[in-house]
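Enquirer: What follows is a single structure, and I will ask about it in a moment.
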Amino acid sequence: MAEEIIQKQMTLLPEYQEEFLKNLLANIYQVDEETGTITGIAAQSPLYGQPVYQMEGGGTTLDPTQAAVDAEGNKVQFYEGADGSFTTDPSLALTDQYGEAIFATEGGVAVPDVIGFTDSQVDALRRMTGYTDPVTGEVVYEGMMDAYQPYLDEALQTFQSGTDLAGTAGTARYDPSGQIVYDTVTDPNTGQVSQVARKDAEGNVVREGGYKDFFDPFVDDVVDAAQLDIQEALERERSRIGSEAASMGAFGRRRDLIEGQAIGRSAAEEGKLTAQLKSTAYTAAQEQAQSAFENQQKRGLQAGQLFQGLGTGIGALGEAAQAQGFQDFNTLFNAGQLEQQQLQRQYDVQRAADLEQAYEPFARFSYMRDILQGVPSSGTSLAAAATPQASPLGAALNYAGQMGGATGGIGTLGSIVNRGT
């Protein structure tokens with residue numbers, strides 16, 4: 001008689017493991033069958049924090065349904081205060097780099113952001129491009145671009161003045177009667193600049209530096225004194241001639257002749273002396289005037305060279321001023337860049353820490369998932385085996401078949417019955 005064994009086996013978790021697994025899944029994601037409310041850490045992104053609201057009694061809550069409502073019907077949400085507390089006044093709240101008040105939240109991760117220019121960098125840019133106070137209109141910084149231009153303009157004018165002085169001093173010719181005085185006149189219509197000779201009230205051309213300006217004013221006094229001396233000498237000569245003539249008995253025409261000759265010599269000497277004195281005075285005045293003119297020309301050349309050097313120096317000063325301005329800009333901007341990089345690092349580190357904290361529960365559940373992958377290593381196994389019993393009718397028929405050949409057909413039937421059971 002053939003035997004057939006049927007086995008059934010199933011694996012069951014221990015009760016404590018089943019309960020742990022159900023709680024684990026409920027913490028990750030669960031839907032309330034009655035209200036349909038979704039709960040668990042996977043119900044919303046861990047990147048978003050939960051806003052902190054003010055309750056009607058003044059407390060804090062994370063449930064928006066319990067939040068107080070303002071006059072416009074908006075839920076009252078707290079801001080982060082500067083001292084770490086909560087406040088509903090945005091003017092007392094912490095602000096981000098854009099000046100916006102920061103809402104108070106629990107959890108969450110800040111969005112990726114780039115730290116903007118620091119105050120030092122903003123100040124450096126204002127110095128370079130110029131800045132005007134938008135409220136008062138006051139010019140706080142003049143732009144450094146083209147800062148050299150006023151210096152170059154002044155340098156050009158100064159250099160041109162030196163060129164004009166040098167040109168005038170190098171080409172002017174001495175005039176004994178004096179140099180004509182010119183005035184610079186600008187045409188109000190065309191703006192053309194020209195030199196016009198100055199005239200006095202009588203319409204005469206004004207001159208300066210002529211010999212008359214250097215003529216000795218005491219020459220006439222010297223001439224008068226010389227003439228007086230000559231007259232006195234003549235009187236003495238007359239007296240001497242008279243005395244000699246009296247002693248020699250020379251009277252009448254002979255005496256007059258002698259005196260006339262003496263007077264003629266005196267007049268000639270007086271005229272000659274006067275001419276010599278005036279000629280000497282004129283010559284001296286002429287030499288002094290020409291010397292003064294030449295000295296003035298030399299001074300003009302020196303002044304021209306001085307103005308040209310001064311103009312070059314002013315231009316170099318403008319370039320140096322702008323170069324120093326750009327150096328200040330680079331120093332200030334680079335210092336701000338260091339501050340910007342440090343703030344960016346701090347922001348990135350804080351955000352990385354927030355990300356790690358936000359995803360920590362998921363890492364923990366992932367770790368538990370890896371542990372549960374080995375279940376049911378400690379589970380309970382239940383096995384059942386069944387052996388069918390031979391039918392009594394089949395056994396009797398088999399026995400009968402064995403006892404007699406006439407009943408062979410019945411024995412075959414018994415075998416079939418046994419196999420069927």
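The values are calculated or read from the model by the stated rules, or taken from the named source; none is laboratory data. Everything numeric here is computed off the predicted structure, so don't read it as measured data. No Cβ is skipped: glycine too gets one built from the backbone with ideal geometry, and neighbour counts run over all protein chains shown. Note: areas computed on protein heavy atoms with side chains; ligands, DNA, RNA excluded. Shrake-Rupley method; radii C 1.70, N 1.55, O 1.52, S 1.80 Å.
Enquirer: At a probe radius of 1.4 Å, what is the per-residue accessible area of Thr163, in Å² to the nearest 10?
Expert: Accessible area, nearest 10 Å²: 50 Å².
Enquirer: I would also like to ask the following. Using only the heavy atoms of the protein chains and a 1.4 Å probe, how would Phe103, Phe333, Phe117, Phe78 rank by accessible area, largest first?
Expert: Output order, biggest surface exposure first: Phe117, Phe103, Phe333, Phe78.
Enquirer: What ranking do 118-128, 136-146 get when scored by the average of other Cβ atoms within 10 Å per residue, highest first?
Expert: Final packing ranking: 118-128, 136-146.
Enquirer: Shifting gears a bit: Which value in Å does the Kirkwood hydrodynamic radius of segment 39-153 take, with 1/r averaged over all unlike C-alpha pairs and then inverted?
Expert: About 18.2 Å, per the Kirkwood formula over Cα pairs.
Enquirer: For segment 48-85, which GluC sites (Glu not before Pro) pass both filters: DSSP loop (anything but H, G, I, E, B) and at most 13 other C-beta atoms within 10 Å?
Expert: Listed in order of number, the matching sites are Glu56, Glu72.
Enquirer: Multiply the residue gap between Thr190 and Val69 by 0.36 nm, knock off their C-alpha separation, and tell me the result in nm, one decimal place.
Expert: Value of the extension gain: 36.0 nm.
Enquirer: Go ahead and run the numbers for FRET between Asp200 and Gln296, Cβ-Cβ distance against an R0 of 30 Å, rounding to 0.05. Write down the numbers at each step before the final one.
Expert: Values: r = 22 Å, r/R0 = 0.72.
After rounding, the FRET efficiency stands at 0.90.
Enquirer: Taking 0.36 nm per intervening residue step and subtracting the Cα-Cα distance, what contour gain separates Thr280 from Ala363 on full extension? The partial results should precede the final answer.
Expert: Numbers: separation 83, 0.36 × 83 = 29.88 nm, distance 12.03 nm.
Contour length minus the Cα-Cα distance gives 17.8 nm.
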